[in-house]
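Just below is one structure, and these are the notes that go with it.
Just so it is clear, none of the values below were taken in a lab; they were calculated from the coordinates. Computed from a prediction, not measured in an experiment: that's the story for all the values here. Backbone-built Cβ (ideal geometry, glycine too); neighbour counts: all protein chains shown.
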Amino acid sequence: MKKIFYLGILLGLLSACQENKMDGFDSNGAVYFQTNPSDWNNLADSVLYSFAGKDVTEKTLNLQVNLMGEAVGYDRKFRLVVDQEKTTAKAGVHYRTLEDFYILPKDAYSVQIPVILLRGDALMEKEILQLTLKLEASDDLQPGLTQRIVTRILVTDMYMKPAYWERLWMWGDYSVKKHSLLLELFEVDFPETVDEYYDDYYLWSARANMISQYVEENYPVLDENNQPIEPWFES
């Protein structure tokens, strides 16, 4: 029985190694995106940010880039470029121009790359703009895992339903008005990831309760379709 158990572990390790294998892999190292820093297995290839309801004109998003291979005792350069054919955002209007090269520090297995988004023009109030980024080869590092060398940043000035909303039972049905009440009453927006949300689960539950009470006390509060929002929270 123990032999079967150990064989299963060995096969699992071999499978994991095979998943990380790349054609023409350079032993000097390669880099790839990890869009969700808290979950390596999350294969999401995009990040969404909305300026709606926020008193800011720019936002810095940090993209995590990981090393595939061994860390070394000196800094290495890698290239991050805009895929113009798949990008609708404009440099200098919706985001700051990228650097020619970025640095993976010595002895590091990952690095955070700041991408500065700009609250550029009225187009953002009507559309979701896309900034598509891809990793390219440099003299020091190659592109890594095929599925993780391209990522998309979606930016807008419209209220956007969080991708994880269906998991938030204590908030009821989504509406732009309900979303805007969160910003008006508490001056905070929903976190970018569900992990961040659950880190402060009880605080978010309390906010949902208080907004539901506000809706009840000020009934009718109309949504964007001119329909009354019904109180939804049950303790």
Taking the alpha-carbon distance from Lys126 and a cut-off under 19 Å, which aspartates and glutamates remain once sequence neighbours fewer than 8 residues away in the same chain are dropped?
Asp55, Glu58, Asp157, Asp223, Glu224
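Nearest 20 debye, what's the magnitude of the dipole of region 165-218 about its Cα centre given +1 on Lys and Arg Cβ and -1 on Asp and Glu Cβ?
Dipole magnitude for region 165-218 comes out near 220 debye.
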Cα gyration tensor category, rounded, prolate or oblate, for region 97-137 with a/c compared to 1.5:
prolate
Springs between alpha-carbon atoms under 10 Å, Gaussian network over the chain: tell me which of Val81, Val72, Val150 tops the mean-square fluctuations.
Val72
Does region 32-74 classify as rounded, prolate or oblate by the C-alpha gyration tensor (a ≥ b ≥ c root eigenvalues; a/c under 1.5 gives rounded; else a/b over b/c gives prolate, otherwise oblate)?
oblate
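Taking the Cα centre of region 24-125 as origin, work out the dipole magnitude from +1 charges on Lys and Arg Cβ and -1 charges on Asp and Glu Cβ, in debye rounded to 20.
For region 24-125, the charge dipole is close to 160 debye.
As a test of the formula, what do you get for the chain when each DSSP H run with n ≥ 4 contributes -39,500 (n - 2.57) and the sum is divided by the residue count, at 222 nm and rounded to the nearest 500 deg cm²/dmol?
Numbers: 4 runs with 52 residues, N = 235.
When only DSSP H runs of four or more count, the value is -7000 deg cm²/dmol.
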For region 30-156, the charge dipole (Cβ of Lys, Arg +1; Cβ of Asp, Glu -1; about the Cα centre) points to a positive end, and the Cα of Phe78, Gly92, Ile128 closest to that extreme belongs to Ile128
Just need log10 I(q)/I(0) for the chain at q = 0.08, 0.11, 0.13 Å⁻¹, Debye formula, equal scatterers on the alpha-carbon atoms, no solvent, rounded to two decimals.
-0.42, -0.72, -0.90
Debye, to nearest 20: dipole size of region 68-116, +1 on Lys, Arg Cβ, -1 on Asp, Glu Cβ:
140 debye
Among Ile229, Thr156, Ala206, which residue has its Cα furthest toward the positive end of the charge dipole of the chain, with +1 on Lys/Arg Cβ and -1 on Asp/Glu Cβ?
Thr156
Report, in whole Å, the centroid distance computed from the Cα atoms of region 61-138 and region 141-158.
8 Å
How far is helix 176-186 tilted, in degrees, relative to the longest principal axis of the Cα atoms in the chain, given as a value from 0 to 90 rounded to the nearest 10?
90 degrees
